[in-house]
């Protein structure tokens with residue numbers, strides 16, 4: 001009988017490389033009990049583990065257990081890590097993989113830059129304070145931004161390309177210029193980054209900086225890390241990308257973003273046990289943490305006043321209890337230092353998702369959604385997250401942070417759900433039990449855009465007003481504030497900024513454009529390639545967008561008006577963020593070319609178009625198309641001082657005079673459906689809140705909103721008495737079966753008044 005031998009290795013956690021195995025050959029790690037083989041998928045070769053009795057080794061899966069050890073690999077249950085933080089550190093290294101490995105020596109430069117991150121941050125602020133002593137600036141923000149720049153450069157050194165550095169530059173820019181506020185601050189920022197660039201060269205070469213600007217944080221020198229000089233030229237290139245982008249604007253970074261990163265999602269499986277972790281634990285994107293069960297896994301941060309987990313794009317946390325965090329800490333939050341990875345495109349943002357978890361503490365917050373430090377949609381998604389935070393906050397939304405909340409149960413919270421400074425959320429099938437306040441909304445966001453009352457100023461007790469000086473069409477639901485009026489009004493609707501007068505019924509012209517969407521798309525791409533020979537862009541996406549614009553215009557030609565064209569132009573912006581940063585002018589010019597090609601199509605003179613003898617474009621169609629594309633260009637450029645007639649949900653309290661400044665904000669807003677209130681207002685201590693120990697609910701504490709309209713709560717609810725409410729003004733009392741409230745009274749008055757008058761007559 002012959003013996004079957006495997007290639008073997010007895011070192012814990014070691015897997016064979018692709019070059020060490022032939023196709024069809026097996027390898028055995030005799031320490032882990034894991035079998036490996038090589039696979040070939042359409043020419044892409046890799047090594048995978050074969051499931052075994054000690055648990056399958058799966059690519060992208062790490063294990064944590066109370067009998068684990070942080071020196072273990074974490075690749076199998078038998079080689080589990082002891083702490084979640086240790087597994088997360090591995091996930092940070094594994095979630096992004098380079099398509100081409102970084103050159104030799106880069107790893108030393110990366111390690112030295114990371115080790116000296118705090119030193120470089122401290123040097124930057126000290127440099128600015130010394131060199132620009134009279135400059136008033138945000139020192140903490142400067143410190144944070146230098147850290148993000150170091151993160152961007154080390155990431156690009158590791159994975160190749162320049163994507164992160166370009167994003168770092170763009171973070172300082174808007175289409176209208178940089179967002180640093182002044183020329184002095186811009187100059188100081190560029191100089192500070194230049195200084196950090198110069199001393200970073202010393203850092204990666206283990207050369208001590210002779211005259212640092214501060215002494216609180218010292219330089220880390222590690223002579224075991226050699227070869228960092230190999231990355232010097234690439235590092236300087238990346239620093240220059242950032243400073244040139246800030247100094248010269250979009251045109252200087254209007255080049256291909258070289259992305260050399262592939263995503264490999266990570267899952268960390270946590271076995272039953274109580275874990276005390278060094279916090280905050282910052283999760284990389286596309287990383288999940290899954291506990292054995294909600295009641296079996298608890299996580300406590302070693303520093304109670306710091307957040308437990310910091311989340312970002314595409315994170316998933318489930319089946320855990322978070323304990324011991326105290327104000328101002330939250331169990332789940334976005335990082336205050338900002339999230340940088342893979343938040344380039346709002347359309348691709350995947351919210352972090354929390355499911356089947358519990359926050360149990362005093363004074364702390366269960367979940368904080370701070371839009372000012374979040375990327376993408378600034379959002380989180382929750383299903384079944386219990387908040388037993390005695391004296392703390394259940395869910396806190398601020399600075400335009402957004403959340404979708406399902407089955408969130410809050411117990412004894414000071415504020416069960418709190419939305420402020422433009423935070424907003426939707427709540428479904430949830431409750432507020434005991435505690436002080438239920439649903440509370442207060443305040444608005446910073447001003448998002450502005451205008452002024454036009455010549456037709458709004459009269460008192462009317463709900464329409466004309467506003468000019470606008471760069472965007474006002475958004476439905478935004479809060480409107482007129483100077484001299486303390487009320488925040490709500491936009492019900494607003495007319496487009498478009499100036500095109502389109503009567504519609506251009507049916508045959510519309511049909512011709514529809515037949516030639518693909519042709520127009522191809523022609524515009526050819527024009528862009530000829531006009532901008534050095535421009536690197538996505539030609540397929542460009543052709544697609546042209547076809548969508550042509551389809552929108554074609555629909556408006558039939559219906560009349562500008563609705564679809566308006567929508568097409570607005571899609572190039574997400575709030576205040578352009579979706580074509582670096583290529584705004586070129587994009588607008590390409591839209592203008594649509595009109596030129598369309599004119600030939602409508603005349604059926606374009607070479608290669610789809611012609612039709614049965615169709616003849618109506619008189620005036622070509623001029624209308626030209627006007628619509630011009631309006632779309634203005635929307636993309638935001639270079640117009642447009643005018644809009646705004647219809648408000650509320651009547652104006654005072655007459656608005658000409659040129660009265662108007663500001664537009666996002667109000668704090670809570671929308672709650674099928675919400676249950678149980679003895680809200682009884683207090684934050686369970687021993688005192690329950691009814692049989694003396695707790696008495698305060699109905700006024702169930703819903704709290706600003707009287708001036710800054711914060712609003714829209715809700716349907718049932719309380720402990722069985723009373724059903726639709727908003728603040730309609731109540732159905734269970735005990736009596738009666739309907740009360742201002743809404744009901746007004747309705748009843750409207751119905752009964754004609755009968756009363758008839759009887760009187």
Normalised contact order of the chain, rounded percent, pairs of Cα under 8 Å and 6 or more residues apart: 10 percent
So for the range 507-637, using the alpha carbon gyration tensor with a ≥ b ≥ c as root eigenvalues (a/c under 1.5 gives rounded; past that, a/b versus b/c decides prolate or oblate), I'd call it oblate
Using a ≥ b ≥ c from the Cα gyration tensor of the chain (square roots of the eigenvalues), is it rounded, prolate or oblate, where a/c under 1.5 gives rounded and otherwise the larger of a/b and b/c decides, a/b for prolate? oblate
So what is the relative contact order of the range 106-260, in percent, for Cα pairs below 8 Å that sit 6 or more residues apart? 39 percent
With both partners inside the chain, how many of the DSSP beta bridges are antiparallel, as a percent to the nearest 5? 35 percent
Sort the range 106-260 into rounded, prolate or oblate with this rule: let a ≥ b ≥ c be the square roots of the eigenvalues of the Cα gyration tensor; rounded if a/c is under 1.5, and if a/c is not under 1.5, prolate when a/b is larger than b/c, oblate otherwise. oblate
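Since every read-out is calculated from the coordinates, none of them should be taken as a lab result. No experiment lies behind these values; they were computed from the predicted model shown.
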